[in-house]
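The values are calculated or read from the model by the stated rules, or taken from the named source; none is laboratory data. Here the structure is a predicted model, which means the values were calculated and not measured. Cβ sites come from the backbone with ideal geometry, for glycine too, and all protein chains shown count toward neighbours.
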Amino acid sequence: MRPFKQEVEQFNRDNVVVARGVLDAHDLGPVIGDFEVFIDDKARELKDSGKITDPAEGLDFEHRVVALYAQNRAILAGMDIMQRRSKALFDFLHNAHLLDLVESFIGPEITCNPIQHARAKMPASVDGSSGFMNVPWHQDIGVTHEDSDQSLILTFWMPLVDATVQTGCMEVIPGCRRLGMFPHVSGKYGTEIDPDHMPDIPPVPAIAMKGDVVVMDKYTPHRGLPNQSDIARWSLDLRYQVTGHHTGRLAHPDFVVRSRSNPSSVKRDYDAWCQAWAQALDPANAGKHGPFHRTKARSM
Ligand SMILES: O=C(O)CCC(=O)C(=O)O
């Protein structure tokens with residue numbers, strides 16, 4: 001198991017680090033292939049129902065979704081991890097190379113936290129809107145429930161294409177754990193750090209090539225830079241935590257992915273995972289666990 005000693009040292013200093021070359025083509029291939037199938041199926045569906053004219057066949061993973069999104073934004077509907085719920089994604093959440101990295105940071109008792117997303121950030125020329133495409137400045141602690149404040153939950157962000165300043169990588173502010181949580185507001189484009197309370201520390205781009213993983217703690221302010229290229233900036237942002245700690249999102253399913261003390265506690269039941277998400281997202285169950293996170297809508 002690669003020890004990631006230098007990465008852990010840098011993380012302890014900066015509270016954010018880019019771990020290089022964690023994942024290879026065998027790790028990412030099935031996930032990319034799965035999104036290709038999703039996009040292909042969706043393109044056929046939209047073409048058959050007359051909602052697009054050109055299914056953009058023959059374009060690669062980075063370009064096809066852009067050509068389709070430019071015709072109809074519905075191409076991305078249902079693509080996020082908890083909606084797509086594919087076997088490839090479920091398996092990837094247990095990926096050994098990824099979990100070796102996670103273990104180096106939080107130890108061997110690991111739970112997959114349900115706060116996780118797949119994103120295909122469009123070129124700004126196609127959709128430069130703020131929000132899910134271009135997230136505003138926030139700390140991940142700002143989007144969790146107070147009950148998880150003591151939990152060790154880290155963000156593991158990985159691109160499925162090279163994420164550079166040009167393609168719209170994240171921008172991060174290192175060294176903020178000592179400053180705690182900044183006040184957040186529910187802004188027009190989502191939860192964001194109150195602009196009056198942004199730290200006066202220069203941000204740096206978290207450039208990450210395909211195979212790299214950005215590791216961040218929940219106090220690291222980050223935002224998405226605009227995508228100035230002509231490709232989609234595909235990425236996954238996952239969170240892993242110490243088993244037994246509060247997830248900060250009780251309404252959504254978490255599960256053990258690695259345990260050295262109790263290996264049989266690892267959940268490999270794909271159908272059960274799908275059912276748990278279907279139940280959690282059923283509108284009939286909305287609000288059962290109270291508000292998702294602490295930031296209240298700004299009063300008008
Ligand atoms: O993918 C992005 O650009 C932003 C991701 C993000 O905000 C997060 O992982 O918390």
Hits in segment 158-195 (condition: under 22 Å from ARG13 (Cα atoms) and part of a loop (DSSP other than H, G, I, E, B)): CYS169, ILE173, PRO174, GLY175, CYS176, GLY180, MET181, PHE182
Hits in segment 157-186 - residues which are within 14 Å of the chain's Cα centre (by Cα) and within 9 Å of the ligand (Cβ to nearest atom): TRP157, PRO159, ALA163, CYS169, MET170
Pick out the one residue from PRO123, PRO114, PRO108 that is crowded, with 20+ Cβ neighbours inside 10 Å, over 14 Å from the mean Cα position of the chain (by Cα), outside any helix (DSSP H, G or I) and more than 11 Å from the ligand (Cβ to nearest atom). PRO123
Cβ-Cβ below 7 Å, separation at least six or inter-chain, first residue in segment 224-238 and more than 14 Å from GLY211 (Cα to Cα), second among the β-branched types (Val, Ile, Thr) and near the ligand (Cβ under 10 Å from one of its atoms): which pairs? GLY224/VAL135
Which one of the conditions (1) free of Cβ contacts under 8 Å to residues at least 40 places away in the same chain; (2) within 25 Å of THR164 (Cα to Cα) does ASN72 fail to meet, given that it meets all the rest? (2)
Look at GLY224 and say whether it is among the small types (Gly, Ala, Ser) and buried (at least 20 other Cβ atoms within 10 Å of the Cβ). yes
Can you spot a residue in segment 87-95 that is touching a residue at least 60 places away in the same chain (Cβ under 8 Å), under 19 Å from ALA232 (Cα atoms) and of a type in the set (Asp, Glu)? no
Considering only residues that are more than 15 Å from the ligand (Cβ to nearest atom) and either more than 27 Å from ASP27 (Cα to Cα) or in a strand (DSSP E or B) (or both), which ones fall in segment 196-237? ASP196, HIS197, MET198, PRO199, ASP200, ILE201, PRO202
Scanning segment 238-266 for residues that are within 15 Å of the ligand (Cβ to nearest atom) and in a strand (DSSP E or B), which turns out surrounded by the most Cβ atoms within 10 Å (Cβ to Cβ)? TYR240
Against the conditions (1) modelled with pLDDT under 95; (2) within 22 Å of MET79 (Cβ to Cβ); (3) crowded, with 17+ Cβ neighbours inside 10 Å, where does THR295 fall short? Just the number, please. (2)
Any residue in segment 42-52 that is part of a helix (DSSP H, G or I), crowded, with 16+ Cβ neighbours inside 10 Å and touching a helix residue (DSSP H, G or I) at 6+ places or on another chain (Cβ under 6 Å)? yes
Look through VAL172, VAL215, VAL204, VAL161 and report the one residue that is over 19 Å from SER129 (Cβ atoms) and surrounded by fewer than 17 Cβ atoms within 10 Å (Cβ to Cβ). VAL204
Go through segment 4-40 and give me each residue that's closer than 27 Å to THR220 by Cα and loosely packed, with under 14 Cβ neighbours inside 10 Å. LYS5, GLN6, GLU9, ASN12, ARG13, ARG20, GLY21, ASP24
Answer with yes or no whether LEU89 is among the aliphatic types (A, V, I, L, M), assigned to a loop (DSSP other than H, G, I, E, B), within 19 Å of the chain's Cα centre (by Cα) and crowded, with 20+ Cβ neighbours inside 10 Å. no
